[in-house]
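A short worksheet on the structure shown next.
The values are calculated or read from the model by the stated rules, or taken from the named source; none is laboratory data. Please read these numbers as outputs of a predicted model, since none were measured by experiment. So basically every Cβ, Gly included, is an ideal-geometry build from the backbone, and we count neighbours across all protein chains shown. Calculation scope for accessible area: heavy atoms of the full protein, side chains included, ligands and nucleic acids excluded. Shrake-Rupley method; radii C 1.70, N 1.55, O 1.52, S 1.80 Å.
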Amino acid sequence: MTLTIVGSQLGDEGKGALVDRWGGDADVVVRYQGGDNAGHTVVEGGVEYKLSLVPSGAVRGTTGILGNGCVVNPKTLFTEIDDLRERGLDPDVRVARRAHVILPYHRVLDGIEEEVKADDDAGDEVGTTGRGIGPTYEDKAGRRGIRIADLLDSDVLREKLEYVVPQKRALVEDVYGLDLQGDDRAEAFDVDALHEEFAAIGERLADEGMTVNCSDYLHRRREAGDEILFEGAQGTHIDIDHGNYPFVTSSNPTAGAASVGSGLGVTAVGDGEVVGIVKAYLSRVGEGPLPTELDGDADEEALADDIREKGGEFGTVTGRPRRIGWLDLPMLRHAARVSGFTGVAVNHVDVLAGLDELKVCTGYELDGETFDTVPTTTERWERCEPVFETLDTWEPFDSAAVAEDGYDALPEAARDYLEFVADEIDTPIYAVGVGPDREETVELTNPFDE
Ligand code: GDP
Ligand code: IMO
Ligand code: MG
């Protein structure tokens with residue numbers, strides 16, 4: 001069977017925690033898109049791991065795969081693997097030979113494009129993580145990308161670098177007007193330096209037997225009866241097709257990409273479970289609209305600060321404070337439809353405890369009309385006025401005790417909140433997060449038992 005974990009909102013919903021929770025029943029955990037823009041947190045017995053590329057099954061010793069749909073910065077990957085080894089884990093990570101490689105010039109170009117957009121005062125910068133994600137997917141679509149398999153053949157690597165690097169240099173110098181002479185970014189555009197560094201990376205990947213034909217590998221594991229867990233990164237509303245374009249990442253976090261980004265057929269993914277991970281409120285790191293954002297007046301800002309502190313809402317990758325808003329049901333309806341959720345896990349229910357007031361957005365008003373779905377354009381979405389329903393609040397509770405005693409031990413108002421959400425999106429709740437630790441989850445259904 002397969003289980004696909006998908007972010008329902010804007011990333012950072014606690015996907016890593018649920019991948020770790022259910023990863024104990026999986027044999028292989030597969031990332032199918034994105035790269036080291038992800039920051040997934042796993043907490044086991046108070047010990048915290050922050051993972052950008054190594055799939056979150058690693059803490060349980062499950063084999064991790066970076067599928068063909070990922071963009072891989074091999075330097076980040078090796079650093080992460082080495083750090084985990086120092087901490088006593090032995091991650092078994094394989095990388096699809098069809099996955100694309102993030103090269104140093106992709107990171108430089110990501111930074112330059114953001115700077116240019118910021119300088120023109122049009123407010124169109126995305127607030128990317130600066131990891132080179134967009135430029136790498138651009139090269140993939142432009143058929144000038146360098147793939148993991150290319151690192152394994154020194155001659156092929158040189159040929160590809162000799163084709164692409166002068167184009168990148170020209171882009172920086174002639175289009176963006178930067179002089180790379182004497183700039184510390186110049187090495188990112190030096191074919192010989194890149195060749196030497198990335199051929200050596202190819203040798204390490206080969207020596208450690210880390211590369212796979214992902215489709216073939218997963219097919220065999222499945223035939224052998226192994227359970228496969230797909231670990232989505234980012235979230236539905238920053239999906240390049242289904243999200244809030246252009247304030248999106250450059251891949252498809254939604255469930256359909258689990259098949260495309262791994263080479264395991266849609267029937268295998270569709271036969272399995274697809275669980276949307278939901279944060280009980282909203283957080284957004286980076287630019288773009290957020291209709292329910294708590295930023296209207298000083299009281300709202302104080303409430304956002306309180307939630308941000310309690311929920312530790314600071315970017316895992318960049319450390320940026322996350323913007324905070326009330327839960328938005330039109331966003332969840334869209335996410336449930338696009339990915340075909342069979343269940344949801346609602347995290348951070350502990351963070352909402354002890355509030356004076358609790359609101360949920362049930363729909364939007366725009367130009368005198370009311371509707372319950374997210375508009376397709378950013379321009380319309382940012383003009384939407386949320387329609388709120390106010391629900392009862394609950395008092396702080398003992399998370400460990402509630403996790404142990406089960407769902408009925410949650411405060412009644414928290415259960416009402418959860419049931420209201422499940423009803424509105426017509427999807428059952430499989431799990432409730434009441435704290436960051438693996439044990440601080442109230443499990444109603446283990447998808448691997450379905
Ligand atoms: P991901 O990117 O979706 O894996 O999420 P992140 O790891 O970036 O951010 C989620 C943060 O919330 C991490 O610090 C988690 O340890 C933490 N977390 C996850 N679930 C819960 C929960 O139910 N309650 C609380 N308080 N924290 C949680
Ligand atoms: P996880 O997997 C939250 C956001 C960035 C920016 C936009 C584009 O931890 O949930 P990019 O660097 O991808 O080109 O940036 O997407 N973003 C995330 N926000 N969680 C993430 O990952 C994100 N990955 C990218 O902040 O707004
Ligand atoms: Mg994250």
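From the Cα gyration tensor of region 101-205, with a ≥ b ≥ c the square roots of its eigenvalues, which class applies: rounded if a/c is under 1.5, or else prolate if a/b is larger than b/c, or else oblate? Cα axes put region 101-205 in the prolate bin. Looking at region 101-205, the accessible area is 51 square angstrom per residue; that uses a 1.4 Å probe and ignores ligands, DNA and RNA.
Mean-square fluctuations from a GNM of the chain, with a 10 angstrom spring cutoff on Cα atoms, peak among Ile277, Ile425, Ile238 at Ile425. About its Cα centre, the chain has a charge dipole of approximately 1920 debye under the convention of +1 per Lys or Arg Cβ and -1 per Asp or Glu Cβ, with nothing else charged. Among the protein heavy atoms, those of Met210 account for about 10 Å² of accessible surface (1.4 Å probe, every chain in place). Between Leu355, Leu151, Leu332, the Gaussian network model of the chain with springs among Cα atoms under 10 angstrom shows the greatest mean-square fluctuation at Leu355. Candidate cross-link partners of Lys50 among the lysines, defined by an alpha-carbon separation under 29 Å and a same-chain spacing of 8 or more, comprise Lys15, Lys75, Lys140, Lys279, Lys310. Compared with the alpha-carbon gap, the fully stretched path from Tyr176 to Ser154 is longer by 4.8 nm at 0.36 nm per residue. Between the amide H of Asp36 and those of Asn73, distances stay under 5 Å, these residues lying 5 or more places away or on another chain, with hydrogens modeled in the peptide plane.
With the chain treated as a Gaussian network of Cα nodes joined by springs under 10 Å, which of Glu44, Glu115, Glu439 yields the largest mean-square fluctuation? Checking each option, the largest mean-square fluctuation is seen for Glu115. Looking at region 279-449 only, what percent of DSSP beta bridges run antiparallel? Nearest 5 please. Of all bridge pairs located within region 279-449, approximately 75 percent are antiparallel.
How much length would be gained if the chain were fully extended between Val266 and Ala118, taking 0.36 nm per residue of separation minus their Cα-Cα distance, in nm to one decimal? It would help to have the intermediate numbers written out before the result.
Details: separation 148, 0.36 × 148 = 53.28 nm, distance 3.99 nm.
Taking Val266 through Ala118 to full extension adds about 49.3 nm, to one decimal.
Only the Cβ atoms of Lys and Arg (+1) and of Asp and Glu (-1) were treated as charged; on that basis the dipole of region 101-205 about its Cα centre amounts to roughly 600 debye.
The simple Förster model, with R0 at 41 Å and r as the Cβ-Cβ distance, assigns Glu369 and Glu197 a FRET efficiency of 0.15.
Counted as membrane-span-like here are DSSP H helices of the chain whose alpha-carbon atoms extend 27 Å or more along the helix's own axis and whose Kyte-Doolittle mean is -1.0 or above; there are none. Once backbone amide H atoms are built at 1.01 Å from N, Phe230 has Leu3, Thr4, Ile5, Val30 as its partners under 5 Å, excluding neighbours fewer than 5 places away on the same chain. Remark on Glu287: its backbone amide H falls under 5 Å from those of Gly127, a criterion applied only to residues 5 or more positions apart or on other chains, H modelled at 1.01 Å from N. Other residues whose C-beta falls under 13 angstrom from the C-beta of Arg97 contribute a net charge of 0, scoring Lys and Arg +1 and Asp and Glu -1.
Taking every DSSP beta bridge that has both residues in the chain, what percent is antiparallel when rounded to the nearest 5?
Within the chain, antiparallel bridges account for around 40 percent of the total.
Overall, region 277-387 carries a charge dipole of about 740 debye about its Cα centre when +1 sits on the Cβ of Lys and Arg and -1 on the Cβ of Asp and Glu, all other atoms neutral.
Farthest towards the positive end of the charge dipole of the chain, among the residues Gly23, Ala302, Ile201, is the Cα of Ile201, using unit charges on the Cβ of Lys, Arg, Asp and Glu.
Starting from the Cα gyration tensor of region 156-235, take the square roots of the eigenvalues, sort them a ≥ b ≥ c, and report rounded, prolate or oblate (rounded when a/c is under 1.5, otherwise prolate if a/b is larger than b/c, else oblate). Taking the square roots of the gyration eigenvalues as a ≥ b ≥ c, region 156-235 is prolate. Placing unit charges on the Cβ atoms of the charged side chains and taking the dipole of region 101-205 about its Cα centre, the candidate lying farthest along the positive direction among Leu109, Gly127, Ala149 is Ala149.
Given a 1.4 Å probe, how much area per residue of region 347-429 is accessible, in Å²?
Dividing the accessible area of region 347-429 by its residue count gives 53 Å².
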